Amino acid sequence: MSQDQQKRLAAQAALDFIESGEIVGVGTGSTTNFFIDALAGVKGRIDGVVSSSEASADRLKAIGLPVLDLNRTGDLSLYVDGADEATAHLQLIKGGGGALTCEKIVASASRRFICIIDESKLSDHLGSFPLPVEVIPMAQSLVARKLIAMGGQPQLRADFTTDNGNVILDVRGLDLTDPLAMESKINLLPGVVDNGLFAARRADVLLVGSDAGVRQMTI
Ligand code: 5RP
């Protein structure tokens with residue numbers, strides 16, 4: 001089975017977590033796109049969606065779902081999104097698509113975060129995927145120097161601006177053995193908007209698509 005087929009399986013399984021009349025938080029990326037495609041079949045059952053990116057908002061509007069403003073909805077019951085890397089502790093690296101800040105906002109506003117991945121994303125320890133850090137443009141060099149001092153090797157994501165008008169530094173080599181501590185430490189650097197570690201707000205359920213079907217992982 002291809003990676004895309006595994007993603008589609010996980011995305012389809014996330015539909016089971018939706019209750020009638022809910023407003024659903026929706027993430028960003030190719031796995032989430034499969035979820036959005038699947039949402040089209042149940043759109044009569046939900047009251048609307050809150051999107052974590054302009055790209056997902058466009059896709060959600062195209063299937064006729066009302067895209068709502070988080071400032072008006074208040075807390076959500078459910079958020080569904082993919083990840084670049086995930087552990088059995090349900091801690092994640094996200095932001096491969098550059099939407100990490102808004103993803104973390106919507107995840108934080110949601111009582112349940114269902115993370116949908118194919119099995120290639122599962123790993124024993126976070127760190128094989130370079131950690132995305134969203135930075136205000138004028139602080140790009142300053143933050144890069146601080147990240148180097150912390151043991152990282154930052155690289156500016158080429159030709160990319162986030163929905164918030166910022167840049168992304170993709171950082172290899174950081175010691176992520178304590179993801180919670182590193183998430184806070186990076187976010188204390190002036191100029192950093194947020195980083196792609198989802199440890200303080202990890203997933204509540206991991207749905208892993210594989211050739212054997214969908215494995216559900218919780219803590
Ligand atoms: C976007 C993300 C995505 O969830 C992550 O990059 C996974 O993407 P894909 O589903 O395409 O593998 O964090 O910012």
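Each residue of the range 162-167 is assigned a 3J(HN,Hα), and the resulting list reads 6, 4, 8, x, 10, 9 Hz, derived from the Karplus form 6.51 cos²θ - 1.76 cosθ + 1.60 (θ = phi - 60°), x at Gly and Pro. Each label was represented as a point 7 Å from its Cα along the Cα-to-Cβ direction; for S2 and S77 these points are 3.5 nm apart. Amide H contacts of G48 (H built 1.01 Å from N, in plane; Pro and chain starts excluded): V24 sit under 5 Å, all sequence-distant by 5 or more or on other chains. Projecting the Cα positions of G74, S110, I23 onto the charge dipole of the chain (unit charges on Cβ atoms of Lys, Arg, Asp and Glu, taken about the Cα centre) puts G74 furthest along the positive direction. The dipole here belongs to the range 131-195: it is taken about the Cα centre, uses +1 on the Cβ of Lys and Arg and -1 on the Cβ of Asp and Glu, and is about 260 debye. A protection proxy built from the mean count of other Cβ atoms within 10 Å ranks the segments 113-122, 159-168, most packed first, as 113-122, 159-168. Given the C-alpha centroids of the range 55-120 and the range 150-205, what is the distance between them in whole angstrom? About 17 Å separates the Cα centre of the range 55-120 from the one of the range 150-205. Helix 140-149 and the longest principal axis of the C-alpha atoms of the chain enclose an angle of approximately 70°. Counting Cα-Cα pairs of the chain in 10 Å increments starting at 0 gives whole-percent bin shares of 9, 36, 35, 18, 3, 0.
A 1.4 Å probe run over the protein chains yields, for the range 100-191, 51 Å² of accessible area per residue, whole-number rounding. Label separation (E22 vs K185): 3.6 nm, computed from points 7 Å beyond Cα along the C-beta direction. Couplings 3J(HN,Hα) of the range 33-46, computed from phi: 4, 5, 5, 4, 4, 5, 4, 4, x, 10, 5, x, 8, 10 Hz, in residue order, whole Hz [Karplus 6.51 cos²θ - 1.76 cosθ + 1.60, θ = phi - 60°; x for Gly and Pro]. If R0 is taken as 45 Å, the Cβ-Cβ distance between L156 and D47 corresponds to a FRET efficiency of 0.65. Using a simple spin-label model with points 7 Å from Cα along the Cα→Cβ vector, what separation in nm is obtained for S108 and L142? Taking the two extended label points, one gets 2.1 nm. Measure off, as a whole percent, the carbon and sulfur share of the 1.4 Å-probe accessible area of the range 131-195, all protein chains present. Percent of accessible area from carbon and sulfur atoms in the range 131-195: 55. Here the range 1-121 has 45 percent of its accessible surface on carbon and sulfur atoms, given a 1.4 Å probe and all protein chains in place.
Put a plus charge on the Cβ of each Lys and Arg, a minus charge on the Cβ of each Asp and Glu, and nothing anywhere else: the dipole of the chain about its Cα centre is then about 220 debye.
The values are calculated or read from the model by the stated rules, or taken from the named source; none is laboratory data. On a predicted model such as this, the values are computed, not experimentally measured, just so you know. Reconstructed Cβ throughout: ideal geometry from the backbone, glycine too, with neighbour counts over all protein chains shown. When the accessible area is computed, the model is the full protein with side chains, heavy atoms only, and any ligands, DNA or RNA have been set aside. Shrake-Rupley method; radii C 1.70, N 1.55, O 1.52, S 1.80 Å.
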